[in-house]
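Q: Pasting a structure below so you can have a look.
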Amino acid sequence: MVSVASFFDLVEQDLNQLTENVKNLVGAKHQVLRLAAEYLFEAGGKRIRPALVLLMARATSPSGEPTEKHRRLAEITEMIHTASLVHDDVIDVSDVRRGAETVNYLFGNKVAVLAGDFLFAKSSIYLARLGSLEVVELLATVIDHLAEGEMLQIKNQFDTTLAFDEYIEKSFYKTASLMANSCRAAAVLSDMPEELCDAAYNYGRHLGIAFQVVDDLLDFTSSTETLGKPAASDLRQGQITAPVLYALQEFPELSILIQREFKLNGDIEQALDWVKKSQGLIRTKELANQHIKQAILAVEKFPPSPARQAMIDLTDYVLKRVF
Ligand code: FPP
Ligand code: MG
């Protein structure tokens, strides 16, 4: 078993510095925007995305240390991720995130939308200043994909005809694209050959898909307390995720409940019961496992180093959330 500490150890100091830097970078003229942004970074997420960039930087830079550009890239990924969460909480009408009240709850939807836009804009400025058109394109693509993923998710709500590939595609856009493209960008900043830039991308892509698949599983297996949001909330909102897609194969009647949007008393309980009785949860774990294996194969293309090992350990941490 891998403790979170072991792979964060290598980048722990970098990450502490990162939080401080990000707060300085988002300095805003308008107090309310600054408060909204600062408050978010205080709330403290897991910072997996910048950790990934910093580890990929260590595995690829000649000195074994991240350069200033790598550090800025890590800060940019955290800004983009946070911006997307601010918007996401408006869309999902969420009052709480990471155990703290959300920006929309505290400041209202208008300020939350602007605070998200503001963070995207700031991240674009710092991105341009990295001076690499290729890296600008990679990270701009992420922002495009985040919007695309969120649109797909809205479009697919309560749609029981959703194909498995469409579910994976949505998961890529919403979660894995940021990890894939920022890992690639770290390799690009280290002037890695194309083959290793592809390996970096594939590591982030498979890790990101596994991360989302695990998240979708936790919606069914975790309590409200551990999740920091109501259990089975994805299902209630009509999200058709891997456990549901698998359960539909065994209990086709489940689609009737979903299509009527759980309007009748007991619908949600019955749906949950079918998902839990089906092979859906075990098959979903297996799906996450397959993507983790592919992530490891990709990162093993890099020469051995403590940073490469930390990236392998990180895959264990993603799975450990459910296994
Ligand atoms: C979390 O979803 C949300 C995301 C990973 C991405 C959200 C992206 C957007 C809202 C689009 C951003 C807008 C622009 C302009 C690019 P979740 O609700 O499944 O997870 P949660 O439980 O953490 O809220
Ligand atoms: Mg949400």
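The values are calculated or read from the model by the stated rules, or taken from the named source; none is laboratory data. What you are looking at is a predicted structure, and each value in this text was computed from that prediction instead of being measured. So basically every Cβ, Gly included, is an ideal-geometry build from the backbone, and we count neighbours across all protein chains shown. Ligands, DNA and RNA are stripped out before the accessible areas are found, and what is left, the full protein with its side chains, is counted by its heavy atoms. Shrake-Rupley method; radii C 1.70, N 1.55, O 1.52, S 1.80 Å.
Q: Can you say whether VAL213 is within 14 Å of ligand 1 (Cβ to nearest atom) and of a type in the set (A, V, I, L, M), as far as the supplied structure shows?
A: So VAL213 passes the test.
Q: When residues of region 280-290 are filtered for being in contact with a Phe, Trp or Tyr (Cβ under 6 Å, 6 or more places away or on another chain) and open to solvent by 60 Å² or more (accessible area, probe 1.4 Å), how many remain?
A: Residues that pass the stated criteria total 1.
Q: Of PRO66, PRO62, which residue is closer than 24 Å to ASP191 by Cβ and in contact with a helix residue (DSSP H, G or I) (Cβ under 6 Å, 6 or more places away or on another chain)? Walk me through it before giving the result.
A: Numbers: PRO62 fails: in contact with a helix residue (DSSP H, G or I) (Cβ under 6 Å, 6 or more places away or on another chain).
When all the criteria are applied, what remains is PRO66.
Q: So, one more: Can you confirm whether region 252-266 contains a residue that is in contact with a helix residue (DSSP H, G or I) (Cβ under 6 Å, 6 or more places away or on another chain), surrounded by fewer than 18 Cβ atoms within 10 Å (Cβ to Cβ) and without any contact (Cβ under 8 Å) to a residue 40 or more places away in the chain?
A: no
Q: For region 168-195, enumerate the residues that are away from ligand 2 (no atom under 16 Å from the Cβ) and among the basic types (Lys, Arg). Don't jump to the end; show me each part of the working.
A: If we filter region 168-195 for residues that are away from ligand 2 (no atom under 16 Å from the Cβ), which is where we start, we get 168-169, 172, 176-177, 179-195.
Result: ARG184, single match.
Q: Give the number of residues within region 105-117 that are in contact (Cβ under 8 Å) with a residue 60 or more places away in the chain and within 14 Å of ligand 1 (Cβ to nearest atom). Walk me through how you get there before you give the answer.
A: So in region 105-117, the residues in contact (Cβ under 8 Å) with a residue 60 or more places away in the chain come out as 106-107, 111-112, 114-115.
Adding the requirement that they be within 14 Å of ligand 1 (Cβ to nearest atom) leaves 112, 114-115.
Qualifying residue count for the region: 3.
Q: Taking region 68-104 as the region of interest, how many residues are open to solvent by 60 Å² or more (accessible area, probe 1.4 Å) and away from ligand 1 (no atom under 13 Å from the Cβ)? Write out each step before concluding.
A: Applying the first criterion (open to solvent by 60 Å² or more (accessible area, probe 1.4 Å)) to region 68-104 yields 68-69, 72, 91, 93, 95-99, 101.
Next, only the ones that are away from ligand 1 (no atom under 13 Å from the Cβ) stay: 68-69, 72, 101.
The total comes to 4.
Q: Another question, then. Within region 10-62, considering only helices (runs of 4 or more DSSP H) that don't extend past its boundaries, which have at least 2 residues that are in contact with a Leu (Cβ under 9 Å, 6 or more places away or on another chain) and at pLDDT 75 or above?
A: Working: elements: 12-25, 31-43, 48-60.
In region 10-62, 12-25, 48-60 are the helices (runs of 4 or more DSSP H) which contain 2 or more residues that are in contact with a Leu (Cβ under 9 Å, 6 or more places away or on another chain) and at pLDDT 75 or above.
Q: Further question on the same structure: Condition first: more than 15 Å from ALA74 (Cα to Cα), aliphatic (A, V, I, L, M) and open to solvent by 70 Å² or more (accessible area, probe 1.4 Å). Now tell me which residues in region 109-135 satisfy that.
A: Correct list: LEU114, LEU133.
Q: Cβ-Cβ distance below 9 Å, separation of 6 or more or different chains: which pairs start in region 83-95 with a residue that is without any contact (Cβ under 8 Å) to a residue 24 or more places away in the chain and end on one that is near ligand 2 (Cβ under 7 Å from one of its atoms) and among the charged types (D, E, K, R)?
A: ASP95/ASP89
Q: Can you work out which of the residues in region 258-273 that are under 29 Å from the mean Cα position of the chain (by Cα) and assigned to a helix (DSSP H, G or I) is farthest from SER233 (Cα to Cα)?
A: Taking region 258-273 first, the residues under 29 Å from the mean Cα position of the chain (by Cα) are 258-259, 261-262, 268-269, 271-273.
Next, only the ones that are assigned to a helix (DSSP H, G or I) stay: 258-259, 268-269, 271-273.
Numbers: ILE258: 13, GLN259: 16, ILE268: 10, GLU269: 12, ALA271: 13, LEU272: 11, ASP273: 15 Å.
Top of the filtered list is GLN259.
Q: Can you tell me how many residues within region 156-167 are out of contact with any helix residue (DSSP H, G or I) (no Cβ under 9 Å at 6 or more places or on another chain) and within 16 Å of ligand 2 (Cβ to nearest atom)?
A: So the count comes out to 1.
Q: Select, from THR284, THR226, THR241, the only residue that is farther than 29 Å from ASN181 by Cα and either within 16 Å of ligand 1 (Cβ to nearest atom) or modelled with pLDDT under 95 (or both).
A: That would be THR226, the only listed residue that is farther than 29 Å from ASN181 by Cα and either within 16 Å of ligand 1 (Cβ to nearest atom) or modelled with pLDDT under 95 (or both).
Q: For a quick check of your reading of the model, give me the residue pairs whose first member lies in region 1-30 and is farther than 19 Å from THR77 by Cα, whose second is polar (S, T, N, Q) and at pLDDT below 70, with beta-carbon atoms closer than 6 Å and at least 6 apart or on different chains.
A: none
Q: Same structure again: Inside region 118-231, counting only helices (runs of 4 or more DSSP H) that do not spill past its ends, which hold 2 or more residues that are free of Cβ contacts under 8 Å to residues at least 40 places away in the same chain and of a type in the set (Asp, Glu)?
A: On the way: elements: 133-156, 164-171, 177-189, 194-221, 224-227.
Once the helices (runs of 4 or more DSSP H) in region 118-231 are filtered for at least 2 residues that are free of Cβ contacts under 8 Å to residues at least 40 places away in the same chain and of a type in the set (Asp, Glu), what remains is 133-156, 164-171, 194-221.
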